[in-house]
Each structure stands twice: as C-alpha cells, then as structure tokens.
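Quick notes on the structure that follows.
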Amino acid sequence: MIVGLDPEVMAALNQPHVSALYALKLDLVSGISRIHSGLGELVIGGETYYGVGSMGAVSPQKEQLSTSPTKLNVSLSGLDDSMLAEVMRERIVDRMAWLYLVVIGPAEVPLKACLQFKGRIAQTPVKAGKTNTIQLTISNIFEDWQKGMNMRNTDESHRRLYHNDRFFCYQNEMADRSIYWGSKKDAPGFVYKD
C-alpha cells in the first residue's frame, strides 16, 4: 500500500543541503533484515540499516484510486554465490516488507522518515550469472483480497474455530428453503432440532 508524504517529511525535504534515500525492512523467517540505498550504517528509529549503495534498486511507485493490487519491485545485485544460495534457502514469499523514504541532513544523520510502501513479498525471481541478482516483488494488501478464504459459512467450518457455538447449525436447511417475498403463499414449515 502506498502511503503519501507527511508534512514533516516535506518540510525536511525543503531544507537546504539534504538528500533522500530509501530504507527497506524485511520480516524474514531468519529475522529482520534492514538495508538502505546509501552507504554505511544508518540508525532510523533506533534500528540499524546497512547500506547497499548502487547494488540496490527500487522501481517507480504508482498510486491509484482503486482496490486493485499495486506492486513494487526491489532488487539487490552483486551477490556472491554463497549469499545467493543463502537467499534461495530462505522462505521469503508471503513475508512482510516496509519501504521508507528517509531525509538525510547535512551531518549525514536522518532528519525524518516516512513509510512509502507496505506489503507482502509476492515473488522472488533470481538471476544467476556474472552479477547474481534477486528481485523482490512486493504487493500491497489488496492482493490478499483477491484470494479465496479457506473458511466456509458452514457449521463444520465455524465449529472448527468455536467448538460450542452452533450459529450455522441450520444453515444447510435454510439455504434450500423457498422464500416467497411479498406473497401470501407461505414456505413449508420448519422444525428446529437440536
């Protein structure tokens, strides 16, 4: 999900002698990974981010006024074979990712940071060769809206979560009943059994 710039970040960007960079936080199975598009270590909100410089890239972001899923591509190149193997062993898909825009002041310290994109990692294509590259495709929350739920509106499905609750016990019988709206004709009688 793309988030707009807050006024404090806009004010920081309007100051003289500032620069901006991206910071990416990944919640992986092996732990939290934090990298940024600059060089060296950078502390943002008490968390240390490690610089990847020109080895990292972020695709342009698009915002739309709909519930269609938007995607963001983030890539890291120049990985050696052992690091690429480590990345391929990790279960990355469906893990959370946050992309921040960080304003850096003249003393190389972060002035302000704001969330730019938040979502789950949808794909992880890898390019092996001279410059091993991993590209993460991060999709916003609307991607989950397109997936079907594994729960059904049935008594069995509901009782799997709430053992003593019989909210859907008559659901099968009610689904097959005829309803005559605005008619004097009555539906067949219904007997409540427990």
Subject >> Local electrostatic count, G31, Cβ distance below 15 Å [Lys/Arg +1, Asp/Glu -1] >> reply: +1
**OP:** Determine the gain in length on full extension of the stretch L5-D176; use 0.36 nm per residue of separation and subtract their C-alpha separation, reporting nm with one decimal.
**Re:** 56.3 nm
Original post:
Using modelled backbone amide H atoms (1.01 Å from N, in-plane), which distant-in-sequence or interchain residues come within less than 5 Å of I44's amide H?
Top reply: Y49
Original post:
In segment 98-153, which trypsin sites (Lys or Arg not before Pro) are in a loop and have at most 10 other Cβ atoms within 10 Å, using DSSP for the loop call?
Top reply: K130, K147
Subject >> segment 138-163 versus segment 37-110: alpha-carbon centroid distance in Å >> reply: 30 Å
**OP:** Scan around F117 for amide H atoms under 5 Å from its own, H built in the peptide plane at 1.01 Å from N, and keep only partners 5 or more places away or cross-chain.
**Re:** V3, L99
Subject >> trypsin sites (Lys or Arg not before Pro) within segment 35-93, DSSP loop, no more than 15 other Cβ atoms inside 10 Å >> reply: K62, R91
Original post:
Which value, in Å³ per residue, describes the convex hull spanned by the Cα atoms of segment 29-93?
Top reply: 140 Å³
Original post:
Taking amide hydrogens as modeled 1.01 Å from N in the peptide plane, which residues meet the under 5 Å criterion relative to R95, leaving out close sequence neighbours?
Top reply: I121
Original post:
For segment 87-94, in order, what is each residue's ³J(HN,Hα) by Karplus, 6.51 cos²θ - 1.76 cosθ + 1.60 with θ = phi - 60°, in whole Hz (x at glycine and Pro)?
Top reply: 5, 6, 6, 6, 7, 9, 4, 6
Original post:
Using the Cα atoms as the points, what is the convex hull volume per residue of the chain in Å³?
Top reply: 212 Å³
Original post:
What FRET efficiency comes out for the pair D155/L13, r = Cβ-Cβ distance, R0 = 45 Å, nearest 0.05?
Top reply: 0.20
Subject >> Using θ = phi - 60° and Karplus 6.51 cos²θ - 1.76 cosθ + 1.60, couplings along segment 19-29 (whole Hz; Gly, Pro as x) >> reply: 9, 10, 8, 9, 10, 10, 10, 10, 9, 9, 4
**OP:** Sum up the charges of everything whose Cβ sits under 11 Å from the Cβ of E143, counting Lys and Arg as +1 and Asp and Glu as -1, but leave E143 out.
**Re:** +1
**OP:** Could you tell me the number of lysine pairs in segment 1-159 with C-alpha atoms less than 18 Å from each other, where the two lysines are 8 or more residues apart or belong to different chains?
**Re:** 7
Subject >> Full-extension gain in nm, K147 to E47, via 0.36 nm per residue minus C-alpha separation >> reply: 32.7 nm
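Taken together, the values in this text are just the output of simple stated rules run on the coordinates, not laboratory data. All of these numbers come straight from a predicted model, not from anything done at the bench. Quick reminder, even Gly has a Cβ in these numbers, built from the backbone with ideal geometry, and neighbours come from all protein chains shown.
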